[in-house]
Amino acid sequence: MASTLEKFIHSLDLRALPRVLQIQSGIYCQGSVYEMFGNECSLSTGEVIKVIGFKINKLIASICENNEVSRFSDKVELPLNFPGLFKIVADKTPYVSIEEIARKVSIGPTRFGHPCFYSTKDIKLANFTIKHDEQIIFNSVEEVHGTMAVSCVVVRNNQSYSFTLPLSQEGEFYECEDDQIYTLKEIAEWKIPKCRNRIVKLSNTLHMWKSSNPLPENFDGCLILMPVYEVQAVMKSRKDIVHILSDLDVEVKDITDCYDISSFLQPLSLEDIFERTSKEFPMVAEIMEGPSGSQKPYNLLSTGKEIVIHKKYQAARVLASEMRSDPSKRHYLIPMSYKGKFKRRPREFPTAYDLEIARSEKEHLHVVATKAFTSPHKELCSVSVGDQFLVQQCQTSEVLYEGRKKLIDALACEQILSDSYKKVLLPMYMEGGFVEVIHDKKQYHLSEICKEFHLPFNVKVSVRDLSIEKDVLAAAPGLQFEEEITDSYLLISSASSPVESWEIPVYRSNMLVHLLSKDVQTVVLPVTRTTVEEVSEDEYYMLRRYENLTLHPPPRPPKKPT
């Protein structure tokens, strides 16, 4: 049965891709040319396309009154980078099964992908009963003993209870109220259910919008959001990817079940390539859609170019950020092969507890106090601005508290006086402020810093990497090395002139290829080039989020005795 492209995409589950569609009718049915993102494609009646992906491109917003579009509301287009913060209004329409929730709602590994629902009736499981109106957190969709189910959590009296609900579980499930605030991009990626309206309330507009605000002046009400998707498709007559907006006035029919889908080119992402076994490398591929970027190696990876993918592997990088407080702070991933040198820069420590974490056996940590602190105990030291200390070690100290002796954690230091040193104890809960005094004038390579010091660590480039055309790190006023991470890479070179090969990040390169049945001609692996990769704000937080999943956070600083 034919439907509009918009209706088809709105109801399509990403897990059902790819789908083969035949153009049925529309204003473009007589062989018109449709141009989008620089791609032209003829969508004539009878044309067959293979849909390989789709994502929200923009949102159409209407002012909402009583959960309906206001009669006096004009539709406005909101780009995903609209600088506003929104709260989600809980959907008043129930879901009739867990399967419907899993099909229509985004459930994933990040904090945005944990939607909450409640059931209007008790649900009795084998050894657990979910009470009616009790908040159920949906964490992931997985297979349990051959049956698809949703992994869930219920929190009672600060204790978590984990269980699974089969997709076949029926009932009346409502979305819980959500007190979090989200950007429009976060809502688009995680919070718009399939085939349903999403109502949001504008919480705050950030004053950084360069163009005129599309919303009414001083607007603080609710909006109904309607997504417009960007559809990625393959056509038989082309070797590149075409992009079509879902609101294009075209009718389509799903013919996947009666069409030979293998007759289309098979686009593969770098993630798809990385999942192949090591024995399948090297391989030759043609780029169907190249990554964005004008710097090497991205400017070499243009659409239609043939490449050799030599191997896949994990490589170490140091995640670094510029030392500045303004919003334009930039973030980098630095390879261990970086040939520049660094000099140390002073670190800042907000508490005595941070001094304990940063101290090392190799050298005494020398700091200057930037904030005064008056100790409530005579056994512990008070601090004035300008006092200097050499940090030694953590120890327990006995103090008199309300007439009784009590043990608390303290930091043993030597206070530097004009002509002598004085042994003192700083309370570990002390909220002061300290700046490091640097005596070390040595220049370090990146690998030396990672080996000899604890991260985070502050530096400035003292000798730039001369093997790089433009060393972006050299222009930074200062850098903080935050953590060492391991990331996935593919080693790629040009098939026609394999003089050098480049490490391409798998999860940050929006690139599609199709494999060619060609033998790899090169016997000797080309010289490997690595680059300092600048990462966006979103990519930075994603890297830190996933890296920190494997780390145990340090214990919280001890609280001040009350």
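The values are calculated or read from the model by the stated rules, or taken from the named source; none is laboratory data. Please read all numbers here as calculations on a predicted model, not as lab measurements. Cβ placement follows ideal geometry from the backbone for every residue including glycine, while neighbour counts extend to all protein chains displayed. Surface areas here come from the heavy atoms of the whole protein model, side chains and all, with no ligands, DNA or RNA. Shrake-Rupley method; radii C 1.70, N 1.55, O 1.52, S 1.80 Å.
Have a look at Lys406, Lys422 and point out the one that is modelled with pLDDT of 85 or more, assigned to a strand (DSSP E or B) and over 26 Å from Phe453 (Cβ atoms).
Numbers: Lys406 fails: modelled with pLDDT of 85 or more.
From the options Lys406, Lys422, the qualifying one is Lys422.
Starting from region 120-139, keep only residues that are without any contact (Cβ under 8 Å) to a residue 60 or more places away in the chain and assigned by the TED database to the domain that holds Pro166, then list their pairs with residues that are surrounded by fewer than 13 Cβ atoms within 10 Å (Cβ to Cβ) and of a type in the set (Asp, Glu) whose Cβ atoms are within a distance under 8 Å, requiring at least 6 positions of separation or different chains.
Matching pairs, first to second residue: Thr120/Asp133; Thr129/Asp122; Ile130/Asp122; Lys131/Asp122; His132/Asp122.
Only one of these conditions is not met by Asn204: (1) in contact with a Gly (Cβ under 8 Å, 6 or more places away or on another chain); (2) open to solvent by less than 50 Å² (accessible area, probe 1.4 Å). Which number is it?
(2)
Tell me whether region 234-251 contains one or more residues that are exposed (fewer than 14 other Cβ atoms within 10 Å of the Cβ), among the aliphatic types (A, V, I, L, M) and in the same structural domain as Glu6 (by the TED database).
no
Identify the single condition in (1) in the same structural domain as Leu12 (by the TED database); (2) modelled with pLDDT under 90; (3) open to solvent by 20 Å² or more (accessible area, probe 1.4 Å) that Cys258 does not satisfy, given that it satisfies every other one.
Among (1) in the same structural domain as Leu12 (by the TED database); (2) modelled with pLDDT under 90; (3) open to solvent by 20 Å² or more (accessible area, probe 1.4 Å), Cys258 violates only (2).
Within region 135-151, is there a residue that is surrounded by 12 or more Cβ atoms within 10 Å (Cβ to Cβ), of a type in the set (D, E, K, R) and over 21 Å from Leu59 (Cβ atoms)?
Looking for residues that are surrounded by 12 or more Cβ atoms within 10 Å (Cβ to Cβ), of a type in the set (D, E, K, R) and over 21 Å from Leu59 (Cβ atoms), one finds none in region 135-151, hence no.
Taking the condition within 16 Å of Ile309 (Cα to Cα), open to solvent by 70 Å² or more (accessible area, probe 1.4 Å), part of a loop (DSSP other than H, G, I, E, B) and at pLDDT below 90, does Ser509 pass?
Numbers: within 16 Å of Ile309 (Cα to Cα): yes; open to solvent by 70 Å² or more (accessible area, probe 1.4 Å): no; part of a loop (DSSP other than H, G, I, E, B): yes; at pLDDT below 90: yes.
Criteria not met by Ser509.
If you take the residues in region 165-183 that are of a type in the set (Phe, Trp, Tyr) and at pLDDT 95 or above, which one is surrounded by the most Cβ atoms within 10 Å (Cβ to Cβ)?
Phe173
Report, by residue number, each residue of region 443-457 that is part of a loop (DSSP other than H, G, I, E, B) and either touching a Gly at 6+ places or on another chain (Cβ under 8 Å) or farther than 26 Å from Thr370 by Cα (or both).
Gln443, His445
Answer with yes or no whether Ser162 is open to solvent by 80 Å² or more (accessible area, probe 1.4 Å), within 27 Å of the chain's Cα centre (by Cα) and without any contact (Cβ under 8 Å) to a residue 60 or more places away in the chain.
Yes.
Quick one: Ile273 ticks every box in (1) within 30 Å of Ser237 (Cα to Cα); (2) hydrophobic (A, V, I, L, M, F, W, C); (3) in the same structural domain as Ala372 (by the TED database) bar one, so which box is it?
(3)
May I ask you to verify whether Val391 is surrounded by fewer than 16 Cβ atoms within 10 Å (Cβ to Cβ), of a type outside the set (S, T, N, Q), within 38 Å of the chain's Cα centre (by Cα) and closer than 17 Å to Ala358 by Cβ?
No, not satisfied.
Kindly indicate which of Ser97, Ser160, Ser119 is hydroxyl-bearing (Ser, Thr, Tyr) and within 28 Å of Arg544 (Cα to Cα).
The conditions single out Ser160.
Taking Lys7, is it at pLDDT 80 or above, of a type in the set (Lys, Arg) and touching a helix residue (DSSP H, G or I) at 6+ places or on another chain (Cβ under 8 Å)? Before you say what the answer is, go through the steps one by one.
Numbers: at pLDDT 80 or above: yes; of a type in the set (Lys, Arg): yes; touching a helix residue (DSSP H, G or I) at 6+ places or on another chain (Cβ under 8 Å): no.
For Lys7, the condition - at pLDDT 80 or above, of a type in the set (Lys, Arg) and touching a helix residue (DSSP H, G or I) at 6+ places or on another chain (Cβ under 8 Å) - is not met.
Take the residues of region 349-386 that are closer than 23 Å to Asp440 by Cα and of a type in the set (Gly, Ala, Ser): which is nearest to the chain's Cα centre (by Cα)?
Out of the qualifying residues, it is Ala358.
When you go through Val89, Val96 one by one, which is the residue that is among the aliphatic types (A, V, I, L, M), at pLDDT 90 or above and surrounded by fewer than 14 Cβ atoms within 10 Å (Cβ to Cβ)?
Val96
Test of understanding: among Ile504, Ile468, Ile492, which residue is at pLDDT 80 or above and in contact with an Asp or Glu (Cβ under 9 Å, 6 or more places away or on another chain)?
On the way: Ile504 fails: in contact with an Asp or Glu (Cβ under 9 Å, 6 or more places away or on another chain); Ile468 fails: in contact with an Asp or Glu (Cβ under 9 Å, 6 or more places away or on another chain).
Result: Ile492 is the single residue among Ile504, Ile468, Ile492 that is at pLDDT 80 or above and in contact with an Asp or Glu (Cβ under 9 Å, 6 or more places away or on another chain).
What are the residues in region 458-502 that are farther than 30 Å from Ser278 by Cα, part of a strand (DSSP E or B) and of a type in the set (A, V, I, L, M), if any?
Val459, Val461, Val463, Leu479, listed by residue number.
Each row is one residue, and each column tells you yes or no for (1) without any contact (Cβ under 8 Å) to a residue 60 or more places away in the chain; (2) closer than 18 Å to Ala369 by Cα; (3) open to solvent by 70 Å² or more (accessible area, probe 1.4 Å).
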| position | (1), (2), (3) |
| --- | --- |
| Leu400 | yes, no, yes |
| Lys406 | no, no, yes |
| Ala410 | yes, yes, no |
| Cys413 | yes, yes, no |
| Lys423 | yes, yes, yes |
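Can you give me the ranges of the strands (runs of 3 or more DSSP E) entirely in region 52-151 with at least 1 residues that are touching a Lys or Arg at 6+ places or on another chain (Cβ under 7 Å) and not hydroxyl-bearing (Ser, Thr, Tyr)? Full working, then the answer.
Details: elements: 76-79, 84-88, 95-97, 116-119, 136-144.
Hits in region 52-151: 76-79, 84-88.
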